[in-house]
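The values are calculated or read from the model by the stated rules, or taken from the named source; none is laboratory data. Quantities reported herein were computed from a predicted structural model and do not represent experimental measurements. Using ideal geometry, Cβ is built from the backbone for each residue, glycine included, and neighbour counts are taken over all protein chains shown. For accessibility, only protein heavy atoms count, side chains too; no ligands or nucleic acids. Shrake-Rupley method; radii C 1.70, N 1.55, O 1.52, S 1.80 Å.
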Amino acid sequence: MKINNKEIVKSIELNLSLGSAWEKWTTHDGLKSFIGEDNKVELHPGGAYEIYFLMENPPGTRGGEGNKVLSFIPEEMLSFTWNAPPSIPEVRNHSHQTWVVVSFKSLSPDQTKVTLKHVGWLDGDKWDETIVYFERAWDIVMNALADSCEN
């Protein structure tokens, strides 16, 4: 099993302080403000980093279940495992998981750049299908993040 060099990269500048941008990604209420119906975040290595999109579905098919915090540097970087959607079970149920690294950079006291990188892909048609899925999905997430800062 060889990881390739494919990556998804999305960046956005937010009208939000560094601390507030960090809280959006690392707290229950922060995540709920822009992504998913519910979530479980335990900010420590190995802690849960689960985001649920389909609460009416049975457990195991609600979205980002089983994902874990890999590492973090407060107000600088957060990394976590990420799985494929239930619609692509060959990748979702694979023993290998991809991971996401979210970086934060203060541009001014009330503006922060957030960069998301989704990496750790394997080769294969279903993995490529998953990359295409997340190219769109992460755009939706980043736009929702920006919209949540306008409220």
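A compact table of results
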{"item": "Test: residue in segment 62-73 that is hydrophobic (A, V, I, L, M, F, W, C) and either in contact with a helix residue (DSSP H, G or I) (Cβ under 6 Å, 6 or more places away or on another chain) or at pLDDT below 95 (or both)", "result": "no"}
{"item": "From Val69, Val100, residue being within 19 Å of Val9 (Cβ to Cβ) and open to solvent by less than 10 Å² (accessible area, probe 1.4 Å)", "result": "Val100"}
{"item": "Residue in segment 86-94 that is assigned to a loop (DSSP other than H, G, I, E, B) and touching an Asp or Glu at 6+ places or on another chain (Cβ under 8 Å) present", "result": "yes"}
{"item": "Search result, residues across segment 60-119 that are closer than 23 Å to Leu16 by Cβ and aliphatic (A, V, I, L, M)", "result": "Val69, Ile73, Met77, Leu78, Val100, Val101, Val102, Leu107, Val114, Leu116"}
{"item": "Unique match (being over 18 Å from Ser148 (Cβ atoms), more than 14 Å from the chain's Cα centre (by Cα) and either among the acidic types (Asp, Glu) or open to solvent by less than 70 Å² (accessible area, probe 1.4 Å) (or both)) among Pro109, Pro74, Pro89", "result": "Pro89"}
{"item": "Residue in segment 121-129 that is among the aromatic types (Phe, Trp, Tyr), over 11 Å from the mean Cα position of the chain (by Cα) and open to solvent by less than 70 Å² (accessible area, probe 1.4 Å) present", "result": "yes"}
{"item": "Selected residue (criterion: nearest to Leu16 (Cα to Cα)) from residues of segment 43-52 that are surrounded by fewer than 17 Cβ atoms within 10 Å (Cβ to Cβ) and in contact (Cβ under 8 Å) with a residue 24 or more places away in the chain", "result": "Leu43"}
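Conditions (1) farther than 19 Å from Lys117 by Cβ; (2) free of Cβ contacts under 8 Å to residues at least 12 places away in the same chain; (3) surrounded by 13 or more Cβ atoms within 10 Å (Cβ to Cβ), marked per residue:
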residue: Ser11; (1), (2), (3): no, no, no
residue: Trp22; (1), (2), (3): no, no, yes
residue: Glu37; (1), (2), (3): yes, no, yes
residue: Val41; (1), (2), (3): yes, no, yes
residue: Leu54; (1), (2), (3): yes, no, yes
residue: Thr61; (1), (2), (3): yes, no, yes
residue: Gly64; (1), (2), (3): no, no, yes
